[in-house]
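See below for the structure under consideration.
The values are calculated or read from the model by the stated rules, or taken from the named source; none is laboratory data. For clarity, every value in this text was computed on a predicted model and none was experimentally measured. Don't worry about glycine lacking a Cβ; one is built from the backbone with ideal geometry, like all the others, and counts go over all protein chains shown. Surface areas here come from the heavy atoms of the whole protein model, side chains and all, with no ligands, DNA or RNA. Shrake-Rupley method; radii C 1.70, N 1.55, O 1.52, S 1.80 Å.
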2 protein chains.
Amino acid sequence: MAECVCSSIRKAARAVTELYDGILKPSGLRVTQFALLAVLASAGSTTITRLGQILVIDRTTMTRNLKPLVNQGLITIEAGQDQRTRVVTLTPSGREALAKALPLWEKAQTRVVEGLGRQRWRTLLADLSAVIALARLE
Amino acid sequence: MAECVCSSIRKAARAVTELYDGILKPSGLRVTQFALLAVLASAGSTTITRLGQILVIDRTTMTRNLKPLVNQGLITIEAGQDQRTRVVTLTPSGREALAKALPLWEKAQTRVVEGLGRQRWRTLLADLSAVIALARLE
DNA sequence: CAGCGATAGGTGCATATACTCCTAATATGA
DNA sequence: TCATATTAGGAGTATATGCACCTATCGCTG
């Protein structure tokens with residue numbers, strides 16, 4: 001099953017997560033949490049469902065992933081205009097944590113990109129996007 | 001953070017896992033479990049640590065991932081010659097479950113491979129291998 | 001052969017992931 | 001406008017993931 005797309009991607013995800021998490025460790029953030037904060041920083045306050053759509057994470061998983069960040073005071077969750085929605089907002093403390101983690105992320109990222117070569121890295125990102133689009137059809 | 005290698009791979013892993021799990025559903029196996037059984041079928045009985053090395057999964061995670069498969073009677077775990085080790089073996093029932101899941105896996109796999117194109121698929125697998133090797137240096 | 005480092009594995013803990021089923025609020029349309 | 005479908009979210013359950021720390025066994029070496 002060496003050619004299984006899914007297993008290969010999952011395997012790579014585990015390997016690369018371990019690398020990033022290890023390097024990010026001093027920041028106190030995991031790569032999942034870092035990515036979440038980064039999305040909030042760039043997209044601004046948004047609902048839980050919207051965050052899930054952006055990150056390709058199930059709605060209910062998002063709810064749970066947000067919890068440790070709330071506990072650490074990095075984000076807040078409040079009711080939106082639409083009373084059904086809950087709006088997630090980056091706190092100053094969250095913005096600070098993100099800024100502190102950024103150079104560590106860059107370190108991990110550089111290691112992979114340089115090891116892989118820029119061209120190959122670009123190809124990989126494009127291929128992964130294609131896979132995501134494919135998987136999410138219908 | 002759209003260019004984050006780690007986030008992109010994780011995102012793709014989620015998307016593609018959902019696809020495979022959905023298609024594999026009638027077999028009662030998840031893609032993680034399918035991959036595990038497939039490794040056992042091709043490599044034969046092995047220890048927990050060895051399985052983890054093959055699948056790039058932490059030793060302790062392996063222990064837990066094996067549990068539902070034992071409960072379903074698809075594998076057995078027994079002490080090895082070396083009394084420290086525990087040897088995992090595919091049962092006839094496990095072999096059967098794997099065989100039943102295979103055509104479903106092929107369906108999911110075909111969909112991704114054809115959607116992506118053979119060439120691009122090959123490139124992706126090679127790039128993912130490179131990423132794994134990179135991440136696991138040192 | 002006694003002791004010690006290395007190896008195999010397990011447990012506790014925390015996070016990550018998603019499905020099913022549930023409630024509440026909104027939007028829609030007869 | 002009221003009934004209904006849709007949408008946003010949460011809770012229960014089960015699996016997936018790995019780190020820190022623990023025990024038991026093995027192999028090696030003085």
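Annotations
- With kT/(6 pi eta Rh) evaluated at 20 °C and eta = 1.002 mPa s, and Rh the Kirkwood radius from Cα pairs, region A:7-107 diffuses with a coefficient of 152 µm²/s according to Stokes-Einstein.
- Interface B:A - total buried accessible surface [probe 1.4 Å, Å², rounded to 100]: 4700
- GNM top mover of B:THR123, B:THR63, B:THR85 - chain B, alpha-carbon springs below 10 Å: B:THR123
- Restricting the trypsin sites (Lys or Arg not before Pro) of region B:40-104 to loop positions (DSSP other than H, G, I, E, B) with no more than 16 neighbouring Cβ atoms within 10 Å leaves B:ARG84.
- Of all chain A C-beta atoms, the nearest to the rotation axis linking A with B is recorded, alongside its rounded Å distance, as A:ALA13, 2.
- In this assembly of identical copies, the label point of B:GLY28 (Cα plus 7 Å along Cα-to-Cβ) is separated from its counterparts by 4.7 nm, sorted shortest first.
- For chain B, modelled as a GNM whose springs connect Cα atoms under 10 angstrom apart, the maximal fluctuation among B:VAL31, B:VAL112, B:VAL88 occurs at B:VAL112.
- Rolling a 1.4 Å probe over the heavy atoms of the protein chains gives chain A an accessible area of 52 Å² per residue.
- Region B:81-138 and region A:39-97 have their alpha-carbon centroids 34 Å apart.
- Other copies of B:GLU114: label-to-label distances in nm, shortest first, labels 7 Å along the beta-carbon direction: 4.4
- Values of log10 I(q)/I(0) for the protein assembly as shown across q = 0.08, 0.10, 0.17 Å⁻¹ run -0.37, -0.58, -1.36, by the Debye formula with one identical scatterer at each alpha carbon and no solvent.
- Here is how far apart the A:GLU3 label points are across copies: 3.3 nm, shortest first, using a point 7 Å from Cα toward Cβ.
- Other-chain or far-sequence residues with amide H under 5 Å of B:THR85's (modelled H): B:GLY80
- Take each residue in B:52-63, count the other chain C-beta atoms within 10 Å of its C-beta, and the mean is 2.
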